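One structure is given here, and the rest of the page talks about it.
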Amino acid sequence: MSEAPWYKRLGSGLSRTREQLGGSINVLLKRGPQLDEEFWDGLEEALIRADMGGLAASEMIDRLRKVASREALADAAAVVSRLVDEIATEVATAGTDLFADGPVCVLMVGVNGTGKTTSVGKLAAAAAAAGRTVVIGSADTFRAAAIEQLRVWGERAGVRVVERPHGSDPAAVVYDTLTEARSIGADLILIDTAGRLHTSTDLMAELQKVKRVAERESPFPVRSVLVVDATTGQNGLVQAREFDRALELDGVILTKLDGTAKGGILVAVVRELGLPLLRIGVGEDIDDLEPFDPDAFARALVGDLV
Ligand SMILES: Nc1nc2c(ncn2[C@@H]2O[C@H](COP(=O)(O)OP(=O)(O)OP(=O)(O)O)[C@@H](O)[C@H]2O)c(=O)[nH]1
Ligand SMILES: [Mg+2]
């Protein structure tokens, strides 16, 4: 099978992970074909060093050991050739694509600078190009430049942006956005929210209010999507737990995969969040947001080994 197009745009990040992981695995294979403890430990260590996280790595090794005995895999090379499948299994998330499932109102949330506004712009552009009627709510009324930034994205996407002056109540913007959505018959409502620290009780309460207003006013299901910056690594997991507690998240977008040297972090994030990975961000341009393909990702991460 050919590589998914997004892989080509992952840039040096994933290729560095691939070189490292491929390098350690090749060293292991040169030891010889035997499937002994040294092999299994070496393989686990290679996965951990590729930033997949201890839990994900030990799970994958456990499953590979079972596969090896059940299928009587002959040697180390046979196990390594099954590694791609195991990585793909590890990062495959259940659930449907809430952006493509039908009419929906989506709140985009996350800590500062993760790529919420950019992702709203990219999602709006793709949906509008696919013929959907989209409305964007500019509910980041906190950061001074946010309103203008989203206005620019709205113009690029050809999508209506509902806004209120800087300093307004974000819940009021949501109210206006849903009024507008009903009046133009929108079937995709994207609400951009201000970045906030998951540790700020007041700001998390504000987000809960935004969600309550959306649920009260929206003709469609309301979903909360966390935007996580892949380059922040393990801290993304802490953020996710807190946002999930406050909002009951429905999915995740992982951004800046083009800018991380730690491609394997995606495995840890997906494994530990247990939430659908809805899109990955692979650049700053309007079309740099892609659905996630577990098989293509796993192949890209491991490279051609055997
Ligand atoms: N390389 C790369 N840059 C990205 C990606 N997504 C967003 N960015 C950049 O990250 C920076 C922050 O993006 P924003 O969309 O403004 O982030 P935000 O979460 O809305 O930020 P706040 O509203 O301040 O919390 C911008 O420079 C974006 O161009 C991505 O997938 N790859
Ligand atoms: Mg923003």
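The values are calculated or read from the model by the stated rules, or taken from the named source; none is laboratory data. From a predicted model like this one, the values you see are computed outputs, not experimental measurements. Please note: Cβ atoms are built from the backbone with ideal geometry, for glycine as well, and neighbour counts cover all protein chains shown. Calculation scope for accessible area: heavy atoms of the full protein, side chains included, ligands and nucleic acids excluded. Shrake-Rupley method; radii C 1.70, N 1.55, O 1.52, S 1.80 Å.
Identify, please: which residue in region 185-202 is of a type in the set (D, E, K, R) and under 28 Å from A130 (Cβ atoms) and is, among those, nearest to ligand 2 (Cβ to nearest atom)?
D192
Being open to solvent by 20 Å² or more (accessible area, probe 1.4 Å), among the hydroxyl-bearing types (S, T, Y) and either within 14 Å of ligand 1 (Cβ to nearest atom) or at pLDDT below 95 (or both) is the filter here, so list the residues in region 111-139 that pass it.
Within region 111-139, just T118 meets the criteria.
Of all residues in region 141-158 being more than 19 Å from T179 (Cβ to Cβ) and not in a helix (DSSP H, G or I), which is farthest from ligand 2 (Cβ to nearest atom)?
Step by step, filter region 141-158, then rank; the result is G158.
Kindly check whether there is at least one residue in region 241-254 that is at pLDDT below 90 and either over 13 Å from the mean Cα position of the chain (by Cα) or surrounded by fewer than 18 Cβ atoms within 10 Å (Cβ to Cβ) (or both).
Within region 241-254, one or more residues are at pLDDT below 90 and either over 13 Å from the mean Cα position of the chain (by Cα) or surrounded by fewer than 18 Cβ atoms within 10 Å (Cβ to Cβ) (or both).
How many residues does region 65-75 hold that are part of a helix (DSSP H, G or I) and touching a residue at least 24 places away in the same chain (Cβ under 8 Å)?
Of the residues in region 65-75, 2 are part of a helix (DSSP H, G or I) and touching a residue at least 24 places away in the same chain (Cβ under 8 Å).
Could you tell me how many of the residues in region 255-273 are assigned to a helix (DSSP H, G or I) and either within 16 Å of ligand 1 (Cβ to nearest atom) or open to solvent by less than 20 Å² (accessible area, probe 1.4 Å) (or both)?
The number of residues fulfilling the criteria is 9.
Only one residue in P276, P291 is more than 16 Å from ligand 2 (Cβ to nearest atom), surrounded by fewer than 16 Cβ atoms within 10 Å (Cβ to Cβ) and in contact (Cβ under 8 Å) with a residue 40 or more places away in the chain, so which one is that?
Just a single option satisfies the conditions, and that option is P291.
Can you work out which of the residues in region 159-183 that are buried (at least 23 other Cβ atoms within 10 Å of the Cβ) and outside any helix (DSSP H, G or I) is nearest to ligand 2 (Cβ to nearest atom)?
Step by step, filter region 159-183, then rank; the result is V161.
If S81 passes every condition in (1) away from ligand 1 (no atom under 16 Å from the Cβ); (2) in a loop (DSSP other than H, G, I, E, B); (3) of a type in the set (S, T, Y) but one, which one does it miss?
Looking at each condition in turn, S81 falls short on (2).
When you go through (1) modelled with pLDDT of 95 or more; (2) surrounded by fewer than 20 Cβ atoms within 10 Å (Cβ to Cβ); (3) not acidic (D, E) one by one for G233, which number turns out not to apply?
Result: G233 passes all but (1).
Considering only residues that are in contact (Cβ under 8 Å) with a residue 40 or more places away in the chain and among the small types (G, A, S), look in region 98-110 and name the one that is surrounded by the most Cβ atoms within 10 Å (Cβ to Cβ).
G110
Can you tell me which of V111, V173 is on the phi < 0 side of the Ramachandran plot and touching a helix residue (DSSP H, G or I) at 6+ places or on another chain (Cβ under 6 Å)?
It is V111.
List the number of the failed condition for F220; all other conditions in (1) modelled with pLDDT of 85 or more; (2) under 16 Å from the mean Cα position of the chain (by Cα); (3) of a type outside the set (K, R) hold.
Among (1) modelled with pLDDT of 85 or more; (2) under 16 Å from the mean Cα position of the chain (by Cα); (3) of a type outside the set (K, R), F220 violates only (2).
Being within 16 Å of ligand 1 (Cβ to nearest atom) and touching a residue at least 24 places away in the same chain (Cβ under 8 Å) is true for just one of L150, L178. Which residue is that?
From the options L150, L178, the qualifying one is L150.
When residues of region 100-110 are filtered for being away from ligand 1 (no atom under 16 Å from the Cβ) and modelled with pLDDT of 95 or more, how many remain?
Result for region 100-110: 3.
Is it fair to say R212 is open to solvent by 10 Å² or more (accessible area, probe 1.4 Å), in a helix (DSSP H, G or I) and at pLDDT below 95?
no
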